[in-house]
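Taking it in order: structure first as structure tokens, then the write-up.
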Amino acid sequence: MNIELELLNLHRTEGGAGPFVLGGNERVHVFTLSQRRKSEWSYRYTFTWSRGDITARHDDSHMYRLPFALGKAFSVGQSCNGNFTHTGPHRFAVDFNMPEGTAIHAARDGVVVDLKENSRSGGPGEQYKDQGNYVVIQHADRTLAQYFHLRPGGAEVRLGDRVRAGTLIGYSGNTGQSTGPHLHFDVIRGTKTVKSETLPFRFVTAQGPVRCPPRGTTLRAVK
């Protein structure tokens, strides 16, 4: 999170200038403002934030399980640098085509730090961008895995739950900005701007490690 201050007769006497890394439901003293002289004072502020820790460093040696049940196979609908939504800071992401209600399993050990399951809206337009249901899991290296477009009421975990790779975490759907039922998966960290940054990662498959599988590829989940 970044905070921009407009101060009249005030100055910062404690704390830093940011950016600040805040945990969920955490109260943190970020700075103190003090009066410069005995006269009128005022302040205004604006803030921007991105999901994820800007100090996170991805463990590139880690191999992610495919985010569905062992033995199941699904095709890739959109991969890295896809021309629909996987562009710019969102480029390292994979969409799996799958029917609504498909069981979604954690791709890596971690802690559930965010979720949404109350949306019933979805469609291809940008007006649906913030309407997707999701589960977000933090890993040991402080990166986050995002599992998007879950069905309404589709989370099988709660905030604070610790999960192992392979744990059932929810069910796929078609909520949010979506052209059809699928699961969007990516790994992110925070940035100093309003957007989070997706990170390259590798899936373990029967054919060996796969990074950014081409569109149309069918991948089967293995241990």
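Throughout, read-outs are computed from the coordinates displayed, never taken from laboratory work. Nothing here was measured: the structure is a model prediction, and the numbers come from that model. We place every Cβ from the backbone using ideal geometry, glycine too, and count neighbours over all the protein chains shown.
Overview of values
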| quantity | calculated |
| --- | --- |
| Neighbour cut-off at most 16 other Cβ (10 Å), DSSP loop, trypsin sites (Lys or Arg not before Pro), the range 167-219 | 192, 195, 211, 215 |
| For the chain, radius of gyration divided by Kirkwood radius, i.e. Rg to Rh on alpha-carbons | 1.07 |
| When the convex hull of its Cα atoms is projected in every direction, mean area for the range 2-48 (nm²) | 3.6 nm² |
| Dipole of the chain [Lys/Arg +1, Asp/Glu -1 at C-beta], most positive-end residue of 84, 19, 201 | 201 |
| Excluding exposed DSSP-loop GluC sites (Glu not before Pro) (at most 10 other C-beta within 10 Å), longest clean stretch of the chain | 41-223 |
| Taking the range 135-223 and dividing mean pair separation by its residue count, relative contact order in percent (alpha carbons under 8 Å, at least six apart) | 22 percent |
| Antiparallel DSSP beta bridges within the chain, percent to nearest 5 | 95 percent |
| Mean separation of Cα contacts under 8 Å (6+ apart) over length of the range 2-48, as relative contact order % | 57 percent |
| Backbone HN-Hα couplings from phi across the range 71-76 [Karplus 6.51/-1.76/1.60, Hz, Gly and Pro as x] | x, 7, 9, 9, 8, 8 |
| Relative contact order (%) - the chain, alpha-carbon pairs under 8 angstrom, separation at least six | 25 percent |
| 15 Å beta-carbon shell around residue 115, net charge (K/R +1, D/E -1) | 0 |
| Alpha-carbon centroid distance for the pair the range 162-184 / the range 1-68, whole angstrom | 30 Å |
